[in-house]
Amino acid sequence: MIERANKLGVETVVIPSISQQAWKTTIEVSESFKLPYALGLHPVFIDQHQPQHLCELDELLTTYKPSAVGEIGLDFFNRQLDREKQMAYFDKQLIIAKRHALPAIIHCRKAHDECLSALRETPIPGGIIHAFNGSIQQAEKYIELGFLLGFGGMLTYERSVKLRALAKQIPLRYITLETDAPDMVVENHRGERNSPEYVPQIASALAEIKNITLAEVATATTTNVRKCLSLCKGLYENRPPNPI
Ligand SMILES: [Zn+2]
């Protein structure tokens, strides 16, 4: 899958994690493919997290060199998930990210105001608000705190009117592309597993929305994410050149 994505011009794939149980595999897979990765405790899997996982995360960030803490965040869309516990794990992981001077990949659904106040309480070196779908005012607040806004497959759907308007309004220098694979697949692969191979389709959708070239989108979003996650260019120099 990574080789196929590379051939289509997707030279960097960042692999985030969801729980302590997934960290070992995340590190092994990422290191074997020389891909950047993130370690964190995802709010949707809140029932699986234990206080000792926070200590373990702190230790792993010292031993290994992930590019970010993530996915971490708040999911108030799913009402079954304990909000208090989510907020406690989010706050503690922000403190850990701050201590290690790492950015964060943030999952936030129906909780942008709470997420913004947690980030103001514990400022970290920016990161990505993935699959952003808040208001333009909330986008501006995240930008002020040093964050990029992530856009994925939903941008390719004609019916994503609000999301497309948002992507049009947010300046290109604050946008990054993402898949959220295996979820949130592009429109012409609906019902299938998502893949980094479809990132060029998301880039095309963004180019069309912003009325700019695909090359401009590719260059800007690559530069943005490299800067945001301090991705070293040399890590990918053995890869095929970007055909876009
Ligand atoms: Zn997420």
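The values are calculated or read from the model by the stated rules, or taken from the named source; none is laboratory data. Keep in mind that this is a model prediction, so the values were computed, not measured. Methodologically, a virtual Cβ is constructed for each residue, glycine included, from the backbone with ideal geometry; neighbour enumeration extends over all protein chains shown. These accessible areas exclude ligands, DNA and RNA; they are computed on the full protein's heavy atoms, side chains included. Shrake-Rupley method; radii C 1.70, N 1.55, O 1.52, S 1.80 Å.
Carbon and sulfur: what percent of the chain's accessible surface (1.4 Å probe)? Let's see the in-between values first.
Numbers: 6330 of 12100 Å².
That fraction is 52 percent.
Its Cα gyration tensor gives segment 60-194 an equivalent ellipsoid; the semi-axes, largest first and in whole Å, are 25, 17, 16. Note on the chain: dipole from Cβ charges, positive end direction compared against Leu172, Ile129, Ala111; the farthest Cα belongs to Leu172.
At a temperature of 25 °C and a viscosity of 0.890 mPa s, determine how fast the chain diffuses translationally according to Stokes-Einstein, using the Kirkwood radius over alpha-carbon pairs as Rh; express D in µm²/s, rounded to the nearest whole number. It would help to have the intermediate numbers written out before the result.
Working: Rh = 18.1 Å.
In µm²/s, the coefficient is 136.
Partners of Lys141 within straight-line reach, counting lysines whose Cα lies under 22 Å from its Cα and excluding those fewer than 8 residues away in the same chain: Lys92, Lys98, Lys110, Lys162, Lys168, Lys210, Lys227.
Take the Cα pairs of segment 37-95, get the Kirkwood Rh, then feed it into Stokes-Einstein at 4 °C and 1.567 mPa s and tell me D in µm²/s. Answer, rounded: 111 µm²/s.
Using the alpha carbons alone, the radius of gyration of segment 6-59 stands to its Kirkwood radius in an Rg to Rh ratio of 1.07.
Protein heavy-atom accessible surface, 1.4 Å probe, per residue over the chain: 50 Å².
Within 10 Å, count the other beta carbons around each residue, average over each peptide in 166-173, 113-120, 78-85, and list them highest first. Please list the in-between numbers first.
On the way: 166-173: 15.5, 113-120: 17.2, 78-85: 11.6.
Final packing ranking: 113-120, 166-173, 78-85.
Taking amide H as placed 1.01 Å from N in the peptide plane, the amide H of Ile105 sits under 5 Å from that of Val69, Gly70, Ile72, Ile128, each at least 5 places away or on another chain.
Placing unit charges on the Cβ atoms only, positive for Lys and Arg and negative for Asp and Glu, gives the chain a dipole magnitude near 460 debye about its Cα centre. Rolling a 1.4 Å probe across all protein chains gives Asp47 an accessible area of roughly 130 Å².
Give me the orientation-averaged projected area of the Cα convex hull of segment 1-135, in nm², one decimal. If you can, show how the numbers build up before the last one.
Values: hull surface 34.4 nm².
Reported value for the Cα convex hull: 8.6 nm².
Kindly provide the helix-only [θ] at 222 nm of the chain, computed as the sum of -39,500 (n - 2.57) over DSSP H runs of four or more divided by all residues, to the nearest 500 deg cm²/dmol?
Numbers: 9 runs with 104 residues, N = 244.
Calculated from helices alone, the mean residue ellipticity at 222 nm is -13000 deg cm²/dmol.
Taking the Cα centre of segment 54-106 as origin and assigning +1 to Lys and Arg Cβ atoms and -1 to Asp and Glu Cβ atoms, the resulting dipole is close to 140 debye.
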